[in-house]
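Okay, so here's the structure we're looking at.
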Amino acid sequence: MTASVQSRLKRQGRFSPDFSDGNMHFFAQEYSKALGRTITFQDIPVEPWRDELLKRGLPVHLVNHLAALGDLHRVGRFDRTGDH
C-alpha cells in the first residue's frame with residue numbers, strides 16, 4: 001500500500017482499505033503512481049477468475065481458498081479499524 005493511501009486511511013480513522021465502497025479505482029491510481037505504470041481496476045465475478053486459475057493448473061483446494069477470500073473481501077469481512 002502506498003504512503004498516500006496509508007495517510008488517507010489514517011485520517012479517516014481506518015487502518016485497512018475499505019474495498020466495499022467502490023473506491024478501487026482510487027487504489028489503482030495510487031498503485032499506478034507508485035509503480036510508474038498504468039494499473040487499472042476491473043470488477044470481475046469470482047467464477048471466471050476461479051476457472052482461469054484452475055485452467056492454469058493451480059490445486060483445487062488453493063483456488064477454492066482464494067475464491068472464498070475474494071468473496072469475503074468483496075463483502076467487507078476483512079475491514080478493520082484500530083491500530084493493531
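The values are calculated or read from the model by the stated rules, or taken from the named source; none is laboratory data. Keep in mind that what you see is a predicted model, and the values were worked out from it rather than measured. We place every Cβ from the backbone using ideal geometry, glycine too, and count neighbours over all the protein chains shown.
When Gly22 is evaluated against the numbered criteria (1) under 25 Å from Leu66 (Cα atoms); (2) modelled with pLDDT under 75; (3) surrounded by 13 or more Cβ atoms within 10 Å (Cβ to Cβ), which criterion, by number, is the only one it fails?
Against the list (1) under 25 Å from Leu66 (Cα atoms); (2) modelled with pLDDT under 75; (3) surrounded by 13 or more Cβ atoms within 10 Å (Cβ to Cβ), Gly22 comes up short only on (3).
May I ask you to list pairs of residues, at least six apart or on different chains, whose Cβ atoms are under 6 Å apart, with the first in the stretch 30-54 being touching a residue at least 24 places away in the same chain (Cβ under 8 Å) and surrounded by 14 or more Cβ atoms within 10 Å (Cβ to Cβ) and the second being hydroxyl-bearing (Ser, Thr, Tyr) and in a loop (DSSP other than H, G, I, E, B)?
Glu30/Thr2; Ala34/Thr2
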